[in-house]
Amino acid sequence: MKLTAILLVISICLYHVQSFYLPGLAPVNYCKNGEDTNTCKSKVDLYVNRLNTEESVIPYEYNHFDFCLPSEELKSPVENLGQVVFGERIRPSPYKIRFMENQTCTLLCKKTYSGNDPQDNLKLSTLRKGIGLNYQHHWIVDNMPVTTCYDTEENEQFCTTGFPMGCYSKNGRQTCAKPVSKMDASYIHNHVDLTITYHSGAKEEWGSQFQENGGRIISVKVVPRSIDHRGKPCSQTEDYLSLPIKNLQQGETFEIFYTYSVTFIENNKVKWSSRWDYILESMQHTNIQWFSILNSAVIVLFLSGMVAMILLRTLHKDIARYNQIDNGEDAQEEFGWKLVHGDVFRPPRKGMLLSVLLGSGVQVFCMTLVTLAFACLGFLSPANRGALMTCAMVLYVLLGSPAGYVSARIYKSFGGEKWKSNVLLTSMLAPGIVFGLFFFMNLILWAKGSSAAIPFSTLLGLLALWWLVSVPLTFIGAFFGFRKRAIEHPVRTNQIPRLIPEQSIYTQAIPGIIMGGVLPFGCIFIQLYFILKSIWSSQMYYMFGLLFLVFIILVITCAETTILLCYFHLCAEDYHWWWRSYLTSGFTAIYLFLYCCHYFFTKLQIEDLASTFLYFGYTLIMVFLFNLMTGTIGFFACFWFIRQIYSVVKVD
Ligand SMILES: *[C@@H]1O[C@H](CO)[C@@H](O)[C@H](O)[C@H]1NC(C)=O
């Protein structure tokens, strides 16, 4: 049963690996010259999201900069928990677009700055700073990101979501499309050319929803421009509008006209259901991803071969010999892993901490597994903004029970008696660390006035989720865990601990642990690049099918390396395996951390202190959760393996 279910999920995932089908979202029909009705909208809403950049971790809301605001009060769309916690702020915009109505050049608003007002100078300097740090607009139309496209050297079109708020030339470096003459100047993108392609429906396709002059939006592309309007909006000039380099003096004034144009183009070749393809194809380098899967598959095959060899050949031989010796008359000296049978289940030191970590690890593991399964079934696509993080957070909270249960059972099998501390620690330690780090980073964001700072009410909401839902669930799980009999071990533990012989360098604890993380990390590091890119450069991530495969491969490699090393250590008569099995695969997290550092220094251009703090803060949270997960996988793999091998040897 279980196997069929797993196979089913995997096959659906494989099917989704290359097709970007996004189920569950109904299309919006637009039509020309109409009033907005239930079946058909004529107004095309453009929403603006927060601005962000690769050169800083701190995002800012649209209103942080002095852009045009809507004249009337428009309601912002409702955001889910994931969006709020991860800093998305979607707001209405003043752009007025009606379906199938071209606009050549429309004035949006005019901003005037005067040197007499210190506030105005501040606003201008905020704009200059934003442009200098390459902050990017993120606009949304019809639930699709607005993209900018350009041709690559291989004559392919490359599209990204978002576009810069301006361009600059500074110290010989310049980011503008055409060469600019002035040194050290910032040019604001005060004009946008929007190109909206639509699919005009056919009767047979739309059925009862068919409308003359109707259509569905396929893509929205933007070309941002900087235009010096010379005091008259939409006068035809080619010059860029450069912001004043220094603060305005008394009596000086400066004007910015914001304008836009809209072109509607019919395109019946692209179906509405595959309208995301062009964005996702630009983002995902499918070849590299397949290469990464191949790379991981080779590692898995190699490891599985080793493990199979040990399990089948060596172990078989060992067991046969052990059991033969028992039958034989002359009792030979025992050797190898059988020698430590009286110590292998001796409870570890700091059993409390280990059991708490394992409980939390199970929680993270189940959360990841279920989230990825949902994601690769297509429920958490980028079209459902914030759904992925909302799902992960809600699952984490709900999975308090398994955490409590596992922690309690393991702790009880260690002979622990302080069950109250155990439950409390399980429900407080890991979430507390994550929440603490998160809270600390929120203080920084708050001080910087960033949009990623979550509102106080949301913070309270998160606390309530933790204290009122997660903690009680953990207690319930722990209650059932403690009520059960302690896990019985296949062999009895001796009174007096055996002396562990001198270990060679290969079987010492630390080298083993350091080696243990290498292979699992090797399986994931190519995928990791895309994940980090999607987090820090707000690229969309949609290859969840592949990610799910990689996750399964990660689980297998973690389990296999740990079993392998565990076997070697036991053969060397070293029976301290509890903590070591956790740390062996958990060490993958340290490699993850090193990789994040590498990414920080080579791929991001972050210079300011606050951003650096935030980057490493978020990284620490990630590394911590990853350590819990991988460590737990290794521990349970090893636990299972040891129980198996000691239950087949005869011990007097
Ligand atoms: C809008 O402009 C485009 C390009 O110039 C043209 O193909 C299209 O027919 C125009 N649409 C309308 C509704 O005028």
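The numbers here are math on the coordinates, done by the rules we state, and not lab data. It should be emphasised that the depicted structure is a prediction, and the values quoted were computed from it without experimental measurement. Glycine also receives a Cβ, built like all others from the backbone with ideal geometry; neighbour counts cover every protein chain displayed.
Sequence-distant or interchain residues sharing an amide H contact under 5 Å with LEU108, placed H: which?
TYR258, THR259, TYR260
For the ranges 249-256, 452-459, what's the packing order if you count other beta-carbon atoms within 10 Å of each residue, average per peptide, and put the highest first? All intermediate terms of the calculation are to be shown ahead of the outcome.
Values: 249-256: 12.1, 452-459: 15.8.
In decreasing order of mean packing, 249-256, 452-459 become 452-459, 249-256.
Distance from the Cα centre of region 426-449 to that of region 54-100, in angstrom?
First find each Cα centre; the distance between them is then 25 Å.
Residue by residue, what Karplus-based ³J(HN,Hα) values in Hz, rounded to whole numbers, does region 49-62 have, using 6.51, -1.76 and 1.60 with θ = phi - 60° and x for Gly and Pro?
9, 5, 9, 9, 7, 7, 8, 7, 8, 8, x, 10, 5, 3
Which one of THR371, LEU473, ILE513 has its Cα pushed farthest toward the positive end of the charge dipole of the chain, where Lys and Arg give +1 and Asp and Glu give -1 at the Cβ?
Going by the charge dipole, the pick is LEU473.
Once Lys and Arg get +1 and Asp and Glu get -1 on their Cβ, which of ALA26, GLY416, ILE444 lies farthest toward the positive end of the dipole of the chain?
Checked the options; the winner is GLY416.
Tell me, TRP337, TRP467, TRP579 in order of fewest to most beta-carbon neighbours within 10 Å? Intermediate values should be presented prior to the final figure.
On the way: TRP337 25, TRP467 13, TRP579 20.
Taking fewest neighbouring Cβ atoms as first place, the list is TRP467, TRP579, TRP337.
Counting helices only, and only those DSSP H runs with n ≥ 4, report the 222 nm mean residue ellipticity of the chain as the sum of -39,500 (n - 2.57) divided by its residues, in deg cm²/dmol to the nearest 500.
Working: 19 runs with 307 residues, N = 652.
Roughly -15500 deg cm²/dmol at 222 nm, from the helical runs in the chain.
Provide ARG321, ARG485 in ascending order of the number of other Cβ atoms located within 10 Å of each residue's Cβ, fewest first. If you can, show how the numbers build up before the last one.
Details: ARG321 15, ARG485 8.
Least crowded to most crowded, the residues run ARG485, ARG321.
Dipole magnitude of the chain about its Cα centre, charges +1 at Lys/Arg Cβ and -1 at Asp/Glu Cβ only, in debye to the nearest 20?
On the way: 52 positive and 48 negative charges, 232 e Å.
Roughly 1120 debye for the chain.
Can you classify region 371-471 as rounded, prolate or oblate using the Cα gyration tensor, where a ≥ b ≥ c are the square roots of its eigenvalues, rounded means a/c under 1.5, and otherwise it's prolate if a/b beats b/c and oblate if not? Let's see the in-between values first.
Values: a/c = 2.97, a/b = 1.42, b/c = 2.09.
Oblate.
Whole Å is fine, so just give me how far the alpha carbon centre of region 130-190 lies from that of region 617-633.
So the two Cα centres are separated by 35 Å.
Can you give the charge dipole size of region 68-158 about its Cα centre, rounded to the nearest 20 debye, using +1 on the beta carbon of Lys and Arg and -1 on the beta carbon of Asp and Glu? Numbers along the way, then the final one.
Values: 10 positive and 12 negative charges, 117 e Å.
Dipole magnitude for region 68-158 comes out near 560 debye.
Which of PHE291, PHE379, PHE626 has the fewest other C-beta atoms within 10 Å, and how do the rest follow up to the most?
With the fewest neighbours first, PHE291, PHE379, PHE626 line up as PHE291, PHE379, PHE626.
What are the ³J(HN,Hα) couplings of region 608-618, residue after residue, when phi is run through the Karplus curve with 6.51, -1.76, 1.60 and θ = phi - 60°? Round to Hz, x for glycine and proline.
Those phi angles translate into 7, 5, 4, 5, 4, 4, 5, 4, 6, x, 4 Hz.
Could you run the Karplus curve 6.51 cos²θ - 1.76 cosθ + 1.60 with θ = phi - 60° over region 223-240 and give me ³J(HN,Hα) per residue in whole Hz, x for Gly and Pro?
Karplus-based 3J(HN,Hα) across region 223-240 equals 10, x, 9, 10, 10, 7, 6, 6, x, 9, x, 6, 6, 7, 10, 9, 6, 7 Hz.
Going toward the positive end of the dipole of the chain, with +1 on Lys and Arg Cβ and -1 on Asp and Glu Cβ, which of THR161, LEU604, GLN495 do you reach last?
Towards the positive end, the residue furthest out is GLN495.
What's the center-to-center distance, using Cα atoms, between region 333-389 and region 408-422 in Å?
Taking the Cα centre of region 408-422 as reference, the centre of region 333-389 is 18 Å away.
When each pair of different Cα atoms in region 468-522 is counted once in the 1/r mean, what is the Kirkwood radius in angstroms, to one decimal? List each step's numbers first, then the result.
Details: mean 1/r = 0.0614 Å⁻¹.
Every distinct Cα pair counted, the radius reaches 16.3 Å.
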